[in-house]
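> Can you keep this structure in mind? I'll have questions shortly.
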């Protein structure tokens, strides 16, 4: 498969229902009972970040805010905690998107790493300021794993757009 | 040249600038955060959002639940028979105590009436199932599958077959949030069963609880059972809470450092019992009008020497 950063490949336009479907799936993944594993990545954040980089005109910051509130309630966290982190990442991803798309996937992941770390740090800082105890450095493994997953998730979410415009019956793919 | 004063109309309408949007949403989030944590004013909003997230959460956990329940269904006949035998033996062992319990309770009530003591409150409640554990790393909470529809209210104690698990802190339409006794913000007034000394246990956040404000020279031993003292008006007295696991006496501090392990299976999933809320305490008696002071004399100390 050819890298999307190369200009020779023109992708199909994204279908809006696919954006909604992928975010819904990420929400379900985030709601799995994974309390014992603090290193699980934040799937919603990763998917949101991807769509903000690729389609920042279609996916606005309001999506990040709404999904953040849903995650706050689902996690039993303080209201506004995830919302703030997601909105900050949405802004950062939109700002970085013109630059990021010139790079192959692994340098793109390096751009994503500070965003993921920022999201985690903002949440921890907010809660510690509100009187919580620092839950341990293991919380910072999850942004690293999110960064490693950037490549596979990007390829997966771009798959529908890789389809050729005209179906050729004799071509296998 | 009035035309120069006007900016040309934009070619593409794209809404507010990103930075303006960002500041708006950041301000909203921080306002929500403060309102929620400082003033606890957003429980209605939380209940509203939970109407959407609750079904999703149940949907996400359904495969896992089906797997565990499916494996329970295909459990071997031998295992079930062994479990059945063990349960019957346990029931037989408990029978001498249990059979006389009703008679003892009645007798206790009669004696209390004779002595003009307040009658003991009876424990009643409804069974519920733990749905899932909250993912928030700062707290220790679980969610039950019953909520406002089953008339749960915040403050109801939750127990399992071995002791206290926690207390309902938030109620949603179809689920309820239980803060475990191991949560950092949870405190339970207890009594040491052996000596009768009262104190309070606080959650440590790591699966254990700490018995605080016990003098360093107090009679506390490893293995002592802590039961609820019932002084808070929430937990009924006499339920086991924890067992002392570690006592550290340091003469530099006035209080001993005592760590205890909860007797109930606090951090594992299962079926629990939600006890009915206790009737509210009678109000404190009004202080009597201070007659000596009315006459211009200083109030007498309560205990004369």
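> Counting every Cα pair in chain A, what percent are over 29 Å apart?
So the pairs more than 29 Å apart make up 22 percent of the total in chain A.
> I need B:93, B:177 ordered by Cβ neighbour count within 10 Å, fewest first.
B:93, B:177
> How far apart, in nanometres, would the label points at residue B:34 and residue B:161 be if each is projected 7 angstrom from Cα along the Cα-to-Cβ direction?
That separation, rounded to one decimal, is 5.1 nm.
> Right, another one. How many Cβ atoms of partner chains, on average, are near each residue of A:85-98 if near means within 10 Å of its Cβ?
The mean count of partner-chain Cβ atoms within 10 Å per residue comes to 2.
> How would you rank A:140, B:202, B:74, going from fewest to most other Cβ atoms within 10 Å of each one's own Cβ? Present the calculation step by step, with values, prior to reporting the outcome.
Details: A:140 15, B:202 18, B:74 6.
So the residues, fewest neighbours to most, are B:74, A:140, B:202.
> Something else now. At what distance in angstrom do the alpha carbon centres of the stretch A:134-155 and the stretch A:23-86 lie from each other?
13 Å
> Under the Kirkwood approximation applied to all pairs of distinct alpha-carbon atoms, what is the hydrodynamic radius of the protein assembly as shown in Å?
27.1 Å
> Output the relative contact order of chain A, whole-number percent, from Cα pairs under 8 angstrom with separation of 6+ residues.
29 percent
> Would you kindly compute the Cα radius of gyration of the stretch B:1-97 and its largest Cα-Cα separation (Dmax), both in Å?
Rg, Dmax (Cα atoms, Å): 30.7, 105.
> Quick check: from the Cα gyration tensor, does chain B come out rounded (a/c under 1.5), prolate or oblate?
Since a/c reaches 1.5 but b/c is at least a/b, the shape of chain B is classed as oblate.
> Using a 7 Å offset from Cα along Cα-Cβ at residue B:69, what residues in the stretch B:125-144 end up with backbone N under 14 Å from the label point?
So the set is B:129-132.
> Viscosity 1.567 mPa s, temperature 4 °C: Stokes-Einstein D of the stretch B:17-74 from its Kirkwood Cα radius, in µm² per second? Don't jump to the answer; show the numbers that get you there.
Working: Rh = 14.6 Å.
Result for D is 89 µm²/s.
> Suppose a student asked you for the relative contact order of chain B, using Cα pairs under 8 Å spaced at least 6 residues apart; what percent would you report?
Relative contact order here is 14 percent.
> Here's something else I'd like to know. Which number comes out as Rg/Rh for the stretch B:86-237 once both Rg and the Kirkwood Rh are worked out on C-alpha atoms? Walk me through the intermediate numbers first.
Details: Rg = 18.0 Å, Rh = 17.8 Å.
Here the Rg-to-Rh quotient is 1.01.
> Quick one: if you stick a label point 7 Å off each Cα along the C-beta vector at residue A:118 and residue A:163, how many nm between them?
Each label point is offset 7 Å from its Cα along the Cβ direction, giving 3.5 nm.
> Suppose each label sits 7 Å from its Cα in the direction of the beta carbon; what would the residue A:28-residue A:110 distance come out to in nanometres?
Going from the residue A:28 label point to the residue A:110 one covers 3.7 nm.
> Continuing with the same structure: How much mean residue ellipticity at 222 nm does chain B get from its helices, if each DSSP H run of length 4 or more adds -39500 (n - 2.57) and you divide by all residues, to the nearest 500 deg cm²/dmol? Show your work: numbers first, answer last.
Values: 5 runs with 94 residues, N = 305.
About -10500 deg cm²/dmol.
> Give me the mean projected area, in nm² to one decimal, of the convex hull enclosing the Cα positions of the stretch B:72-159. Don't skip to the end; give the middle numbers.
Details: hull surface 42.5 nm².
Taking a quarter of the hull surface, the average projection is 10.6 nm².
> Neighbouring Cβ atoms within 10 Å as the yardstick, rank A:31, A:129 fewest first. Walk me through the numbers before you get to the answer.
Details: A:31 23, A:129 10.
The most exposed by this proxy come first: A:129, A:31.
> Another question, then. Counting each DSSP H run of 4 or more residues in chain A as -39500 (n - 2.57), what helix-only mean residue ellipticity at 222 nm follows after dividing by all residues, to the nearest 500 deg cm²/dmol?
Taking each H run of at least 4 residues, the total per residue is -20500 deg cm²/dmol.
> Beyond 18 Å, how much of the Cα-Cα pair distribution for the stretch B:124-195 remains, as a whole percent? Intermediate results must be reported in sequence, preceding the final value.
Details: 957 of 2556 pairs.
Percentage above 18 Å: 37.
> Separate question: Viscosity 0.890 mPa s, temperature 25 °C: what is the translational diffusion coefficient of the stretch B:75-116 from Stokes-Einstein with a Kirkwood Rh over Cα pairs, rounded to a whole number of µm²/s?
Result for D is 193 µm²/s.
Read-outs throughout are calculated quantities, based only on the coordinates presented, and are distinct from any laboratory measurement. Not measured: the values here are computed from a predicted model. A quick note on method: Cβ atoms are made from the backbone with ideal geometry, for glycine too, and the neighbour counts reach across all protein chains shown.
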